[in-house]
Amino acid sequence: MASPASLIANPTQSDTQAPDLVALKTRQQAAWSSGNYAIVGSTLQIVGEELCEALDLKAGSKVLDVAAGNGMMSLAAARRWCDVTSTDYVPALLEQGRARAAADGMRIGFEEADAENLPFDNNSFDVVLSSFGVMFTPNQDRAAAELMRVCKPKGQIGLANWTPEGFIGQVFKTLGKFLPPPAGTRSPALWGTRARLTEMFGAGANSIKAEPRMFNFRYRSPEHFLEVFKKFYGPMLKAFAALEPAAQEELHNDLHALIVRMNRSGDATMVVPGEYLEVVITKR
């Protein structure tokens, strides 16, 4: 997961300079610990259900959810009678995941873990999952290697990643006008491109299936969306806090204009399609 700056890196930017990834990760953790991601994450549940179906997830599979947030993917897998371990490096999110699992009567194991340094043996899991989570790691190649390492041979890695062209990708781009990313960092939105997935996973994969999907952001109005994200979505909360009042107003207006431009509700409410890439990787 990411800090406001690294969320908005140029999708074409490469590692021409070596960023301080340790410092960046510390800022990321602070960003995701602020606000209340569960308010946003809970609305994405349908993505987890559909990804589990794309994986044809079988009961009894040993499943790892990486950068799980408040457990959206973990719950989807548990509903299919899998043996699920849910991980994140933000303890508060794991607590929210535990509460959701208890409310639904689901047995899920929860463990604090860094996606770039997973505390599990090689070839431990039948399926490794991450939905809008691992894509925000500072060291993308390291995180991808960790997903592959803990996945069993012939096992599967299932991902849901926002695309550069989609709504959230455009939100990142808008934020980037006000908060340039650290030099040398890669955009999280690269995980939403087939080319970058091939770079990271191709050598160890039998196959990589990547299909564009749409998640509809449904809110009472564009203003309601901004109110929720500015209050509860840590990276956006931190981004606005880092700006002077005049810049805050300009950023708010630019985001509002983006939503209005993409809104297809036909009334005062907000229905904005957000493109993401649904990814199923089969390990060699």
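Assessment of the stretch 244-251 against the conditions (within 25 Å of residue 34 (Cα to Cα) and open to solvent by less than 40 Å² (accessible area, probe 1.4 Å)) yields at least one matching residue.
Would you say residue 186 is modelled with pLDDT of 95 or more and basic (Lys, Arg)? When the stated conditions are applied, residue 186 does not pass them.
Could you tell me which residue of the stretch 183-202 is nearest to residue 148 (Cα to Cα), considering only residues that are among the hydroxyl-bearing types (Ser, Thr, Tyr) and either touching a His at 6+ places or on another chain (Cβ under 6 Å) or part of a loop (DSSP other than H, G, I, E, B) (or both)? Full working, then the answer.
Of the stretch 183-202, the ones among the hydroxyl-bearing types (Ser, Thr, Tyr) are 185, 187, 193, 198.
The next check asks that each one be either touching a His at 6+ places or on another chain (Cβ under 6 Å) or part of a loop (DSSP other than H, G, I, E, B) (or both); those that pass are 185, 187, 193.
Values: 185: 22, 187: 21, 193: 18 Å.
Once the filter is applied, the top-ranked residue is 193.
Quick one: is residue 188 touching a Ser or Thr at 6+ places or on another chain (Cβ under 6 Å) and either open to solvent by 40 Å² or more (accessible area, probe 1.4 Å) or in contact (Cβ under 8 Å) with a residue 60 or more places away in the chain (or both)? So residue 188 fails the test. Scanning the stretch 138-175 for residues that are within 14 Å of the chain's Cα centre (by Cα), more than 17 Å from residue 277 (Cα to Cα) and either acidic (Asp, Glu) or open to solvent by less than 10 Å² (accessible area, probe 1.4 Å) (or both) yields one hit, 143.
Selection of the stretch 18-43 for residues being open to solvent by 50 Å² or more (accessible area, probe 1.4 Å) and part of a loop (DSSP other than H, G, I, E, B) yields 18, 20.
Screening the stretch 90-107 for residues that are open to solvent by 10 Å² or more (accessible area, probe 1.4 Å) and either of a type in the set (D, E, K, R) or in contact with an Asp or Glu (Cβ under 7 Å, 6 or more places away or on another chain) (or both) and picking the one that is nearest to residue 77 (Cα to Cα) gives 107. Residue 161 passes every criterion in (1) at pLDDT 95 or above; (2) within 25 Å of residue 26 (Cα to Cα); (3) part of a helix (DSSP H, G or I) apart from (3). Scanning the stretch 233-251 for residues that are farther than 16 Å from residue 173 by Cβ, among the charged types (D, E, K, R) and touching a residue at least 40 places away in the same chain (Cβ under 8 Å) yields one hit, 238. Check whether at least one residue in the stretch 201-212 is at pLDDT below 95 and closer than 21 Å to residue 116 by Cα, and report yes or no. No; the residues of the stretch 201-212 include none that is at pLDDT below 95 and closer than 21 Å to residue 116 by Cα. Among all residue pairs at least 6 apart or on different chains, which show Cβ distances below 6 Å where the first residue, located in the stretch 116-142, is in contact (Cβ under 8 Å) with a residue 24 or more places away in the chain and the second is hydroxyl-bearing (Ser, Thr, Tyr) and crowded, with 23+ Cβ neighbours inside 10 Å? Within 6 Å, the pairs are 116/137. Between 201, 229, 178, 240, the distinction of being of a type in the set (Phe, Trp, Tyr), under 24 Å from residue 32 (Cα atoms) and under 19 Å from the mean Cα position of the chain (by Cα) belongs to 229 only.
Filtering the stretch 208-238 to residues that are closer than 30 Å to residue 153 by Cα and either open to solvent by 40 Å² or more (accessible area, probe 1.4 Å) or touching a Pro at 6+ places or on another chain (Cβ under 7 Å) (or both) leaves 208, 209, 211, 212, 213. The single condition among (1) open to solvent by 60 Å² or more (accessible area, probe 1.4 Å); (2) modelled with pLDDT under 95; (3) not small (Gly, Ala, Ser) that residue 198 does not meet is (2).
Collect the residues in the stretch 59-78 that are in contact (Cβ under 8 Å) with a residue 40 or more places away in the chain, farther than 16 Å from residue 135 by Cα and either part of a strand (DSSP E or B) or open to solvent by 10 Å² or more (accessible area, probe 1.4 Å) (or both), keeping them in residue-number order. Matches in the stretch 59-78: 61, 62, 63.
The values are calculated or read from the model by the stated rules, or taken from the named source; none is laboratory data. Please read all numbers here as calculations on a predicted model, not as lab measurements. Reconstructed Cβ throughout: ideal geometry from the backbone, glycine too, with neighbour counts over all protein chains shown. With ligands, DNA and RNA removed, areas are computed over all heavy atoms of the protein, side chains included. Shrake-Rupley method; radii C 1.70, N 1.55, O 1.52, S 1.80 Å.
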